[in-house]
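Student: Below is one structure. I have some questions about it.
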Amino acid sequence: MKKNLLAFTVFSLIYNGGVCARSTSHEIHNHGAGRMTVAIEEGAVQVHLTSPAVNFLGFEYSPTSQSEVDSVVASKAVLSSPENVLSIQGSNCSISRVQVSVLGPAGRPRVTQEHHDQEHHDQEHHDQEHHGDGREPNEHSEIAAEYLFSCTDNQVPDSVNVHLFARFPGLQKIEVNWVSESGQGAGILLPKSSSIEFR
Ligand SMILES: [Zn+2]
């Protein structure tokens, strides 16, 4: 019963806060900012991070050059190693699952070859959109990352320290919501105060 309540609370936090939403409306998609939810239950800590892709990549359009494609791959690799992202204090936790996704145009590199045969050129839909450079100014992309930790001592952690600011200077602020079986809270992480306490 307790777990069901917690699951419901986390669901409300995530979806009312729009944290997992794919929407890129202005309220949610603030360049320079990110959102994090931390759900703590007996023996497990789940962290969900979303942030505009520009904070990590420097762009949000569909990659058109090899260096842009490499940049996406490199950023995903950094975020896929939890030790680059955060550390948990006060509980003995180890990572059990990581998932990092690039949502939106930045996650869809443009194919510039193969497409350009004559038959295709004759088709009506081979229009300017197809030939564009992919840099649609109004298109936004998000990076979403999820980390599931297993904790052997069943202690509620004291705090989480986030390491992203030094590595990604484009990221200036992370809004955090956390929930445990004994309480919940919120806070804002900044480059100069990058840890949140769960009490
Ligand atoms: Zn954007």
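All of the numbers you see were taken from the coordinates with simple rules; none came from a lab. This one's a predicted model, so the numbers in the text were calculated from it and none came from an experiment. All Cβ positions, even for glycine, are placed from backbone atoms using ideal geometry, and neighbour counts span all protein chains on display.
Student: Could you list Cys151, Cys93 so that the one with the fewest beta carbons within 10 Å of its beta carbon is first and the one with the most is last?
Tutor: Cys151, Cys93
Student: Projected area of the range 48-104, taken from the Cα convex hull and averaged over every viewing direction, in nm²?
Tutor: The orientation-averaged projected area of the Cα hull of the range 48-104 comes to 4.4 nm².
Student: Rank the residues Val38, Val162, Val69 as a footprinting-exposure proxy: fewest other Cβ atoms within 10 Å of their Cβ go first.
Tutor: Val69, Val162, Val38
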